[in-house]
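Just so it is clear, none of the values below were taken in a lab; they were calculated from the coordinates. Since we're looking at a predicted model, the values are computed, not measured. Neighbour counts run over all protein chains shown; Cβ positions are idealised from the backbone, glycine included.
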Amino acid sequence: MKLDIGGEETFDSPIERVWSALNDPAVLKQCIPGCKDMITQGDDRYKLVLALKVASVGGSFEGEISLSEKTPPSQCKIAVSGSGSLGNGTGIATFSLTPQPAGTLMRYGGEGEIGGLVAGVGQRILKGVAKHLIGQFFTALRKQLAAPVS
Amino acid sequence: MSETSRFTFVSTQRRVREDRRFVVGKGNFVADIDVPNMKHVALVTCPYPAARIKSIDKNAALAMAGVHYVLDGAELAQGTLPLMTGLDTPNVPRRPLAVDIARYAGEWVVAVVADSRALAEDAADAVRIDYEKLPFVLDAEMAMEKDSVLVHQAHGSNVLLDKTFTWGEVDKDFAAAPRHLKLRVKWGRSSTVPIETFGVVTSWDPWREILDVWASIQMPRYNDQIGSALKVPVSSVRVHYDVDVGGSYGVKRGIKHTVLCGYLSRRLGFPVRLIEDRLENMRGGDAHGPERLFDVEAAYGDDGVIHSMKMRALENVGAYAGRSPFQLGKPVGAIVGPYRIKSVQYRAVAVVTNKTTQEAVRGFGQSPTNVAIERVVDEVANTLGLDPMDVRRRNLIRTEDFPYTIPSGTTYDSGDYLALIDKVLAHTSYEELKKKRDALRAQGMLAGIGIAAALEPSGGNATFEALLNPNVTTSTFMDSCRIAVDGLGSITATMHTTSSGQGHETLVGTVIGEVLGLDPELVRVVRPDSLNSLPSGTPVGSRMAIMLGGAAFEAAQKLKTKLTAIGAHDLGIPPERAVYERGEVYDRNAPDKRIKWADLVQIAHRNYHRMPPDMEPGLAVSHVMQVPTGGKLPTADGRVQMYPCTSFEFHMILVTIDPALGRPEIALYRIGHDCGTVINPKIVRGMTMGGIAHGIGAALYEEFAYDPEGQMIAQSFMDYLLPSSHEVPPVEIIHQVTPSPNTVLGQKGSGESGYLGAPAAIANAVNDALKPLGISINTLPLRASVLGDMIAEATAKKAS
Amino acid sequence: MHVKLSVNGQAHALDVEPRTTLLDTLRDTLKLTGAHAGCEHGVCGACTVLVDGVAVRSCLMFAPQAEGSTITTVEGVTPGPGELSPIQDAFCETHGMQCGYCTPAMVLVAHALLADNPAPTREEIVEAISGNICRCTGYAQIVEAIALAAERLRGSNRPVGA
Amino acid sequence: MKAAPFEYSRPADIDEACALLAADDGARVIAGGQTLVPMMAMRLARPTRLIDIARIAELSYIRDDGDMLSFGSGTRQCLMERDTLVRTRLPLMACAIPHIGHAATRARGTIGGSLAHADPAAELALVAVTLDATLHYKTKDESGELPARDFFIGPTITALPMGACLSAVRFPVWQGKVGVGFHEVNARASDFAFASAAAQVELADDGTAKRIAIAVGAIADVPLRLDAAEAQLTGTTLSPEAVREAVRAALADIETVADLHASAEYRRRVAATLAARAVADARAHALGGRHAR
């Protein structure tokens, strides 16, 4: 099934800080729900190992994440794909950052697709769960941004 | 049933002998078969609607304790031949495991063998397959387009079959008719979905060179197909027919499962078992049913008389074709339904798409076709402002018209459609029903009456094969029965196929008992294995009452004749003077001169000197039955006698819909049913009720729905909705018996009854309910949400 | 792991993996094959058995969860070799089945219902079997079987299950 | 469909259960298992350990606490279904329970299990939100409670902290002229609802609504209270037009979900209808009628 991904998030941090966080594999690893490992494969390309868990539902995934079409510090495209015991998924989203008086506004939009087992038996709740996972990502990102720069 | 007096046992309310073992849980289902040292198979399926298999990493799975083997499609293809298909489509090969390319989400790619099913599933999880996603097509009309993605590149097109038949002067009749209408009807992809999934156990004995097969099967020529695909003589395949099948209604055809297991057990040297789990069954069991798009045109007069019809039926068969495209062929034998339509043009199109493969479903394409026909009849009435009941009366074939030959060449055997309709209406007044409907409407409910008249062609032959594939020359389709009386006089009859709930043992016992005038309970009925069997089909095509019943009848007649001859000889009278009655033979002229059963048996078994000269000793007879009226191939213009018998059913129902919710509820259900002589009333009633329930499912709830990305999203019973006891209303059946002249007892088929008219009646009722809003729907299943949205929109439009 | 089960009045001490369902334990370990797997996700009801007298889906219970409970399967309500309970006999009388796959579960549901409610209405019977899918019969003859059994049991003074 | 391997523990009390939960972050509590086991069978859920709380006696009770009715989290739905206290003091729950699955699943399913799985269509979750139930939990180190409105976060997602086990659920009992209404629509009687609605009202002596709670389920990620409608209708006579208007307005901006069985628009529209019907039933019930199931 297809998922529309899109929304707006605001951050207290300045645009450069948000930009660098989003381009930092160490930060991404902390923010991507269930991310166990992120192994660099090339420029802005990483292998992902996920152990995803939402309430009782969970499974392991292997996949890839890549960043492209970068226009620092405001625009970038993120592509994620993975497959595992629960099924498979891909997602491509573009985000743009705009400086705000008290931080940064992020607009993002794109499309995801989920197939395999969860699509076959769990469509009823899949969108809600996906939304929650995206929310988790931003919650974690905020936490990372709030942490002192290492 | 006024005809019962003709019979002693037939048509009487007798118990069904199979039931005793089922109520105590002692059925012999395939999952109950326990073969020593048996291992278990689980499957790895493709998650994408189309994908190239780039690599398969089996190492992690093979390294697990208790795992014996991981089989891929390439190896299996080396060792086996492709599965049999019906059409000549050599570039659309079908195999148990995908080779190079997987063509639907859920297709089997790898089979894992382990000590237990749980371990096999653990190992299946550990198999890593690298795929390259490929473009796919799901929609049948899109698949027909020239620039469509191809499901099978080598075939060059997605069209497997596109054949147009013209029977009669269609153009002339259309030109002459003052009125025409066009209608598009969609039948959603559903199936029979038995509660028992498909299962198979195979065991190869290399010293005897025999493959033993126990399967939950309902498949003609099953052993032939196993032998062919595994490249062993069919005499090396021993299919055990004494396996109880937990429901089938057409779909239990697991040939791919069997070839897979047969290969594995030969390769590995131990028995293997594959019992589909529900997910495997739903997505990759290749047991989906028709998904059909009808475009129908009718030419008719101001009086509602339909003169001619054009129908295009477009079938989305899924990724591979077994026999499923033939489901476009069977309806040719009843293409005008119960109506006197003079001419017909029929275009049958089958396309492949990236969906799960289909199998035969109850009615073999007839029920969807009946929806199309019956919707057209209702629309004819609508356009003329006539009552649909009146329009039917004007078009129905009359009893004096029988035998009646329809434009496509089949002769309907017998019927009295109007009489049965009158019986139903005498039971439940149509005028009262209309008043009830109108009263509900006055209270703000949507309410509609649905009527449907439908035929059940029965006694199945395979003529549709030759009709759709001229290279097929199959013209016979047999069933057999053997009767042996042992040395102490007990009777044992054999039947030579599995059974899936139709009560065949009871059928055989009843018919033999009737002919021999002996209590049917005295007749033991067994099912030997395929190596001990006479040629037989299976309970497909609503044929067993006619074919197995016929074979049992004829075999019993042979036995009776032999007993009479023995008796006459022993009594020293000419055979024509001897009378057989209830196991004894007496002299017509001196009824006290009689010889008893035990003595007849004694003579046949041990006193050859008292036998008529040259007569075989013993009391063993058999009969191989050919389909009555069968045996001819189609003419050049595609006319052919299809099934020998046509049962008739007339449904009249009342449906209510709360306009705010859109959920249809069946408030009243009446059916008139005529399947000729009823052999066992309890069985026929059950079949009809079950068929109606199945029809309710297809009309309202059941669909193997796909999302636009090619995922089948009704894989569990939480999304594929089978009717429960709440969804099936009380049904009253009004019986009529119009015997068939083509069968031994006047019987016709009833295995598909109810199902053939229920969806049409429901579709008509829902449309009648929607009529005051000026809207209509011709897409099944009729989901509450879709109806609710339509009703809301129409209501808003009306208000504004 | 070690699990003690009481099935049809007999105590069993078994060694099973915790993940083994009660259904698989009954079928594979105890060879009580009257309970059937239909969907294995708790919808079809073919696996129904009685746990402490109440109809329960045995596919939705792992064997260790059943420890200490009294389990009754269709084999346990069958009076003896070749004998039928009044409920089983009523199913035969009305032909409340076809393929027989859902039948043992239906019989058990009927036993539980009639033990609780000796004179159920049609609606109560329909409700009681609504969790058990039968694909063959359209339910009419099953409902009739249970009503017939109830009627006969009321007239016989015989306790349900005897 | 065989579950992935796991370990099994049957703790004697909730403290032991919490200790076991804390020791293994792959562990899950199982009570009736009617939601969890199907997920395990499909291998959507793969807990490393099941902690079976079904036999913990201290978790199975229905207790009258005066202005509250308290349930142990492990109380089975079939016991609630037959309980006189539930029928007399929480008639809304009594209306809702027969809609949960089938008798055979209610025989095993528990109140805590249903709530913890947070299915957006779950009847008990809807009742908990309607009545402002409080969910009590324990972890290895602490006890806590969450109001139902904060407990449900998304489909299958709750605010329950890691390692927590629900211990009790407490429902306020309304006094006075109280009436309830519960409606749901689904394809088949026992399926997950497309939309559901619950209402409870307390009428003043003059027949106006002194207090009213309305909530809808199955249409969004969590059960939703229709606060705006409640505010609007309090103090009124609950005329059908006013109720219809109020619930429709309250649902207008809610993002509803769509699936194979029901469109988002259908859910919004039908939820409004059901909510209005539930309020009408509640009013009639409070005026002395029987509550409809």
## Note on the structure
Across D:182-191, the residue-averaged tally of Cβ atoms belonging to other chains within 10 Å stands at 6
### Message
At a threshold of 8 angstrom on Cα-Cα distance, excluding pairs fewer than six apart, so keeping six or more, what relative contact order does chain A reach in percent?
### Response
29 percent
### D:LYS140-A:LYS29 FRET efficiency (beta carbon distance; Förster radius 30 Å; 0.05 resolution)
0.60
### Query
For the charge dipole of the protein assembly as shown, defined by +1 on Lys and Arg C-beta atoms and -1 on Asp and Glu C-beta atoms about the Cα centroid, which residue among D:GLY66, D:ALA213, A:PHE137 has the Cα displaced farthest towards the positive pole?
D:ALA213
### Summary
Listing B:THR383, C:THR94, A:THR71, B:THR564 by rising number of other beta-carbon atoms within 10 angstrom, fewest first, gives A:THR71, B:THR383, B:THR564, C:THR94
#### Entry: Shielding by partners - mean other protein chain Cβ count within 10 Å, residues of B:396-409
0
### Query
What order do you get for C:LEU22, B:LEU668, B:LEU782 when you list them from fewest to most C-beta neighbours inside 10 Å?
B:LEU668, B:LEU782, C:LEU22
#### Entry: Separation in nanometres of the label points that stand 7 Å from Cα toward Cβ, at B:ARG267 and A:ARG45
3.4 nm
### Query
What net charge is computed for the residues neighbouring B:SER622, neighbours being all others with C-beta under 11 Å from the C-beta of B:SER622, Lys and Arg scored +1, Asp and Glu -1?
+1
### Query
Gain in length, B:GLU400 to B:LEU62, computed as 0.36 nm per residue apart minus the alpha-carbon separation, to one decimal in nm?
114.6 nm
### Query
Hey, what did the range C:79-142 get for relative contact order, percent, Cα under 8 Å, at least 6 apart?
48 percent
### Query
Sorted by mean Cβ packing within 10 Å, highest first, what order do the peptides D:260-272, B:161-173, D:187-199, B:17-29 take?
D:187-199, D:260-272, B:17-29, B:161-173
### Message
Within the range C:81-107, list the residues whose amide N lies under 18 Å from a label point set 7 Å along Cα→Cβ of C:GLN10.
### Response
C:81-83
#### Entry: Length-normalised contact order for chain B - Cα pairs under 8 Å, 6+ apart - percent
16 percent
### Summary
If each K or R counts +1 and each D or E counts -1, the residues other than B:SER265 whose Cβ falls under 11 Å of its Cβ total +2
### Task
For chain D, with a Gaussian network of springs between Cα atoms less than 10 Å apart, report the residue from D:VAL257, D:VAL169, D:VAL216 with the top mean-square fluctuation.
D:VAL257
### Lys/Arg +1, Asp/Glu -1 at C-beta; chain D dipole; positive extreme among D:LEU287, D:SER190, D:ALA96
D:SER190
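How large is the dipole of the protein assembly as shown about the Cα centre if only Lys and Arg carry +1 and Asp and Glu carry -1, each at its Cβ, rounded to the nearest 20 debye? Walk me through the numbers on the way to the answer.
Working: 141 positive and 157 negative charges, 301 e Å.
Charge dipole, the protein assembly as shown, about its Cα centre: 1440 debye, nearest 20.
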### Message
Given the DSSP H assignment, sum -39500 (n - 2.57) over each helix run of at least 4 residues in the protein assembly as shown and divide by its residue total; what's the result at 222 nm in deg cm²/dmol, nearest 500?
### Response
-8500 deg cm²/dmol
### Task
Show the residues, 5+ positions off or on another chain, whose built amide H is closer than 5 Å to the amide H of C:THR20.
C:ALA63
### Message
Connecting C-alpha atoms closer than 10 Å in a GNM of chain A, tell me which of A:GLY34, A:GLY82, A:GLY135 has the biggest fluctuation.
### Response
A:GLY135
### Query
Can you pick out the pairs among C:LYS31/D:LYS2; B:LYS163/B:LYS330; B:LYS342/B:LYS748; B:LYS252/B:LYS355; B:LYS186/B:LYS310; B:LYS39/C:LYS4 whose Cα atoms lie more than 21 Å from each other?
B:LYS342/B:LYS748; B:LYS39/C:LYS4
### Summary
Each residue of C:58-71 has, on average, a number of other protein chain C-beta atoms within 10 Å of its C-beta equal to 4
#### Entry: Cβ-based exposure ranking for C:HIS95, B:HIS40, in which fewest neighbours within 10 Å come first
B:HIS40, C:HIS95
### Task
Order the peptides B:455-467, A:94-106 from the highest to the lowest mean number of other Cβ atoms within 10 Å of their residues.
B:455-467, A:94-106
### Query
What nm distance separates the two modelled labels at B:LEU488 and B:LYS435, each placed 7 Å from Cα along Cα→Cβ?
6.7 nm
### Mean Cβ neighbour count within 10 Å, used as a protection proxy, ranking B:259-272, D:141-154 highest first
B:259-272, D:141-154
